[in-house]
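Read through the structure below, which is laid out as structure tokens, and then see the notes.
The values are calculated or read from the model by the stated rules, or taken from the named source; none is laboratory data. Just so it is clear, the structure is predicted and the values come from calculations on it, not from any experiment. With ideal geometry, Cβ positions are generated from the backbone for all residues, glycine too; neighbour counts draw on all protein chains shown. We work out accessible area using only protein heavy atoms, side chains counted, and drop any ligands, DNA or RNA first. Shrake-Rupley method; radii C 1.70, N 1.55, O 1.52, S 1.80 Å.
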Amino acid sequence: MDENDVMVPGTDATDPHSCPMMSTMVADPRFAVRYTPRDRSYAIEERGDHAPGDLRVVQRIDFCPWCGERLPTDLSEQWWDAVDRVTGGAYELGDPLTSLPEQYRTDAWWRGRFDDEGNPVLGPEP
């Protein structure tokens, strides 16, 4: 797992978490809930006797475990499609994110382009 996959707590007050408890759990490194802004995904991870930052996704989640609200749709597929377009398919799983244009290393590529269900909306092309 790339170090850029883990949300750095407090980096963006507009993250789309469904409730204050989810925000608390994502921001606290003691808990195994991860939000990845780059593809707007949520997951529960295995934590244990691994190298620092070496977290393993156990289960992607679509609903908040605390309030039950549906979380915004994961944009992983759309991210890969966009990355394939800009790299000509040269970027592969495991390649460093630093080899990508900056907007694809963050949530900049999707902000304003997709609604909570993952549907495209009018917005600037990255």
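One table, with the values for the structure above:
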quantity	calculated
Failed item in (1) farther than 22 Å from TYR35 by Cα; (2) open to solvent by less than 70 Å² (accessible area, probe 1.4 Å); (3) not hydroxyl-bearing (Ser, Thr, Tyr), with GLY88 passing the rest	(2)
Residue in the stretch 103-115 that is assigned to a loop (DSSP other than H, G, I, E, B), over 12 Å from ASP39 (Cα atoms) and touching a Gly at 6+ places or on another chain (Cβ under 9 Å) present	yes
Matching residues in the stretch 79-97 - criterion: being within 19 Å of GLY118 (Cβ to Cβ) and either in a loop (DSSP other than H, G, I, E, B) or charged (D, E, K, R) (or both)	ASP81, ASP84, ARG85
Residue satisfying all of: in the stretch 12-40; assigned to a loop (DSSP other than H, G, I, E, B) and open to solvent by 70 Å² or more (accessible area, probe 1.4 Å); modelled with the lowest pLDDT among these	ALA13
Residues (buried (at least 18 other Cβ atoms within 10 Å of the Cβ), in contact with a Lys or Arg (Cβ under 9 Å, 6 or more places away or on another chain) and not acidic (Asp, Glu)) located in the stretch 74-85	LEU75, GLN78, TRP79
Residues being at pLDDT 90 or above, assigned to a loop (DSSP other than H, G, I, E, B) and either open to solvent by 50 Å² or more (accessible area, probe 1.4 Å) or in contact with a strand residue (DSSP E or B) (Cβ under 7 Å, 6 or more places away or on another chain) (or both) - total across the stretch 48-64	2
